[in-house]
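To keep things clear, I will list the structure first and then write my remarks on it.
The values are calculated or read from the model by the stated rules, or taken from the named source; none is laboratory data. All figures in this text were calculated on a predicted structure; none of them were measured in a lab. When we count neighbours, we look across all protein chains shown, and the Cβ atoms used for this are built from the backbone with ideal geometry, even at glycine.
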Amino acid sequence: MKATCCYPPILRRLKMKKVGVFVDLRNLYFAINKRFAGRRLDYHKYLKGTLDESSILLRAIAYGVQINEESEKFINALEYYGFQTKYKNVYVESPDPEERTRALFRENWNVGISIDIARLLDKLDVIILGSADRELIPLIEFIGEKGCECIIFASNIPPEIKEVATAWIEIGDQFLETINGINGKDLE
């Protein structure tokens with residue numbers, strides 16, 4: 001089955017469905033920074049963009065890695081928006097930014113995301129997966145085999161993922177934080 005890009009029709013697709021949102025913060029951070037240099041995802045807009053009034057959000061989990069417990073304000077904001085947060089703490093003594101980035105790359109949540117989805121799969125109709133990591137292709141295939149829809153909502157989604165997902169949404173400017181009240185399109 002070939003997936004299609006589906007935003008904004010995603011809202012029609014989710015009417016009266018039980019939805020789970022699973023977001024790999026590290027993957028989205030680096031993918032968005034690669035595509036929109038210096039811009040950041042607005043996670044409140046992201047979560048609101050996955051639902052319509054009749055869909056039922058059963059769970060929204062954001063998975064991240066923090067260095068030396070530096071992400072507390074961000075974690076609190078995610079929880080305020082409605083995400084349950086799961087974080088790995090990495091302790092890095094070096095102030096070198098390259099060493100800090102390498103430490104983040106060594107950690108990932110692919111297994112944790114897969115386990116959480118497998119545990120909740122029988123309660124959900126639709127999985128929104130916020131990651132474009134090719135290592136999750138077996139998970140996406142498994143979700144489809146179990147009769148659940150898997151919509152990828154990420155940035156820089158590779159063709160291999162688009163092929164196996166039910167549908168996909170490439171994160172656009174409308175989901176990024178504004179800069180001093182200005183939308184990114186106005187900056188170009």
Exercise. Tell me, which residue of region 52-89 that is polar (S, T, N, Q), under 22 Å from Gly20 (Cβ atoms) and part of a loop (DSSP other than H, G, I, E, B) is nearest to the chain's Cα centre (by Cα)?
Worked result: Ser55
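Which residue out of Glu135, Glu145 is surrounded by fewer than 21 Cβ atoms within 10 Å (Cβ to Cβ), over 16 Å from the mean Cα position of the chain (by Cα) and at pLDDT 95 or above? Don't jump to the end; show me each part of the working.
On the way: Glu135 fails: over 16 Å from the mean Cα position of the chain (by Cα).
Result: Glu145 is the single residue among Glu135, Glu145 that is surrounded by fewer than 21 Cβ atoms within 10 Å (Cβ to Cβ), over 16 Å from the mean Cα position of the chain (by Cα) and at pLDDT 95 or above.
Take the residues of region 67-102 that are modelled with pLDDT under 90 and among the small types (Gly, Ala, Ser): which is surrounded by the most Cβ atoms within 10 Å (Cβ to Cβ)? Outline the logic, then answer.
Filtering region 67-102 for residues modelled with pLDDT under 90 gives 67-72, 88-102.
If we keep only those that are among the small types (Gly, Ala, Ser) too, we end up with 71, 94.
Values: Ser71: 18, Ser94: 10.
Filtering first and then ranking leaves Ser71.
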Problem set entry | Residue, modelled with the lowest pLDDT, within region 157-188, restricted to residues that are within 18 Å of Ile128 (Cβ to Cβ) and among the polar types (S, T, N, Q) | Gln174
